[in-house]
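Presented below is the structure to which this report refers.
What follows is calculated from the coordinates using simple rules that are stated; it is not laboratory data. All values derive from a computational prediction rather than experimental measurement. All Cβ positions, even for glycine, are placed from backbone atoms using ideal geometry, and neighbour counts span all protein chains on display.
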Amino acid sequence: MIKNIHNLNNYDYELEKNYISSYPVDKRAESKLLVYKSRKIIDSSFKLISNYLPKNSTLFFNDSKVINGRLFFENKNGAKIEILIADEKISSLLKSKSPLLLKVLIGNKKKWKGDERLEKKVNGITIKIQKIKNKVSFEWDKDLSFDDILVKSGIIPLPPYIKRDTESSDYYNYQTVYSKNKGSIAAPTAGLHFNKDLIYDLKRNHKVDFFTLHVGLGTFKPIDSENIENHNMHSEEVIINKENILNIYNSENITAVGTTSLRVLESIYYLGLIIEKKKYNYEISQEIQKKKFKLNLKESCNKIIDHFNFNKTNELRFNSKIFIYPGYSFKVCDQLITNFHYPKSSLILLIASFIGKDWREVYKFAKEKNYRFLSYGDSSLLFRK
């Protein structure tokens with residue numbers, strides 16, 4: 001029998017189409033802000049977020065940048081074939097030269113027969129693709145990186161619930177102003193509300209830090225089991241540095257800007273455990289988070305700092321499959337800045353674990369106040385229960 005808190009049906013709500021935003025507000029910081037703290041809900045504006053944050057908080061941002069990961073080809077009969085990059089290692093492959101073999105999702109797959117090679121010409125570059133088992137081979141005839149090919153021939157991929165074509169404005173709107181490291185297929189959308197002036201203002205009373213989690217297509221993967229404990233979470237690549245760990249160690253209060261940042265921060269606790277056990281496959285599995293450990297957060301940070309010092313490096317890459325759902329015990333985060341998420345998704349489960357049953361009151365309030373939902377929607381600042 002499924003425990004009540006682990007039944008997926010308990011995390012459903014009605015999300016009418018009129019709440020789903022196809023476009024952002026004209027000015028990033030002009031979006032609405034819902035503040036939830038001590039079971040009280042405040043209706044405010046995002047540009048005032050500094051007024052609600054604890055003065056001693058450190059804010060952690062995900063600086064991943066969305067790639068032009070959607071491409072279109074035509075078969076010999078003129079049928080359009082869509083290619084969406086789905087390779088979790090794409091960030092490390094962007095500098096690769098021709099040829100390249102990648103995991104992809106194929107739209108209109110039935111129209112791409114057998115080993116037919118598809119070809120297109122863009123800006124004097126000939127690009128050819130061919131199916132090889134469960135992957136697609138890319139070849140091009142110029143001395144260019146794959147990133148160059150995507151810039152010249154790909155488009156930025158919008159989420160599946162935005163029912164329109166990509167427009168020129170999306171190349172700015174669907175990137176955070178601090179995006180830096182290319183590798184995401186979807187934007188860390190909680191950060192879309194920040195403009196440069198607001199970040200500058202935050203630095204007056206808060207510490208601001210950046211790391212990288214490359215968001216893959218798994219972020220849109222539906223929960224496929226009524227018992228949420230049976231869900232297989234996707235793996236995401238994380239890149240951290242020594243300063244990140246020092247800031248976590250020294251912070252009295254921590255705010256995650258987005259669910260991706262929260263997953264990084266909570267994964268870091270388990271990373272220290274893996275290093276302590278001298279395991280060199282740096283992947284945070286779903287199994288490890290179910291176990292209890294004596295190591296506290298500062299001790300875990302010390303293990304990671306020792307690792308940096310011993311290896312004389314300032315960067316560490318690892319993969320995380322952390323799955324945060326009701327019953328999870330938070331180790332790092334005190335506040336979360338996030339948008340409003342899809343029903344019965346891994347993200348709504350994360351919200352429910354962070355603020356408990358009050359998530360329903362928060363979402364009910366947001367709908368009553370006509371908040372805009374999902375990637376181009378409004379924002380919330382949630383204080384952990």
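Between residue 281 and residue 313, the distance separating the two model label sites (each 7 Å from Cα on the Cα→Cβ line) works out to 1.8 nm.
The phi-based Karplus calculation (6.51 cos²θ - 1.76 cosθ + 1.60; θ = phi - 60°) puts the 3J(HN,Hα) values of the stretch 206-218 at 9, 8, 10, 9, 10, 9, 10, 10, 7, 7, x, 5, x Hz, whole numbers, x for Gly and Pro. So, counting K/R as plus one and D/E as minus one, what does the shell of residues with Cβ under 12 Å around residue 13 add up to? Once all neighbours under 12 Å are counted, the net charge is 0.
Looking at the stretch 246-302, which trypsin sites (Lys or Arg not before Pro) are in a loop (DSSP not H, G, I, E or B) and have at most 11 other Cβ atoms within 10 Å? Let's see the in-between values first.
Details: sites: 263, 277, 278, 279, 290, 291, 292, 294, 298; in loops: 277, 278, 279, 291, 292, 294.
Answer in residue order: 277, 278, 279, 291, 292, 294.
In order along the stretch 23-34, phi translates into HN-Hα couplings of 9, x, 5, 4, 10, 3, 7, 8, 5, 6, 10, 9 Hz, rounded to whole numbers, per the Karplus curve 6.51 cos²θ - 1.76 cosθ + 1.60 with θ = phi - 60° and x for Gly and Pro.
Averaging over all projection directions, find the projected area of the Cα convex hull of the stretch 70-153 and quote it in nm² with one decimal place. Walk me through the intermediate numbers first.
Details: hull surface 20.2 nm².
Orientation-averaged projected area of the Cα hull: 5.1 nm².
For the listed peptides 221-229, 342-350, a ranking on the average number of other beta carbons within 10 Å per residue, highest first, reads 342-350, 221-229.
Please list, by residue number, every one of the trypsin sites (Lys or Arg not before Pro) in the stretch 164-249 that is coil in DSSP and has at most 15 other beta-carbon atoms within 10 Å.
Working: sites: 164, 180, 182, 196, 203, 204, 207, 242; in loops: 164, 180, 203, 204.
Within the stretch 164-249, the qualifying trypsin sites (Lys or Arg not before Pro) (loop, at most 15 other Cβ atoms within 10 Å) are 164, 180, 203, 204.
Taking Cβ atoms as reference points and 15 Å as the exclusive limit, the residues near residue 149 contribute a net charge of +2, counting Lys and Arg as +1 and Asp and Glu as -1. Mean residue ellipticity, 222 nm, helices only, the chain: the sum of -39500 (n - 2.57) across DSSP H runs of n ≥ 4, divided by residue count and rounded to 500, is -6500 deg cm²/dmol. Scanning residues 5 or more positions from residue 186 or on other chains, those with amide H under 5 Å from its amide H are 215, with H placed 1.01 Å from N in the peptide plane. Counting Lys and Arg as +1 and Asp and Glu as -1 over every other residue whose Cβ lies under 11 Å from the Cβ of residue 124, the net charge comes to +2.
Counting neighbouring beta carbons within 10 Å and listing from fewest to most, the residues 287, 88 come out as 287, 88. For the chain, the membrane-span-like helix rule (DSSP H, alpha carbon extent of at least 20 Å along the helix axis, mean Kyte-Doolittle at least -1.0) picks out 259-276, 297-311; this says nothing about an actual membrane.
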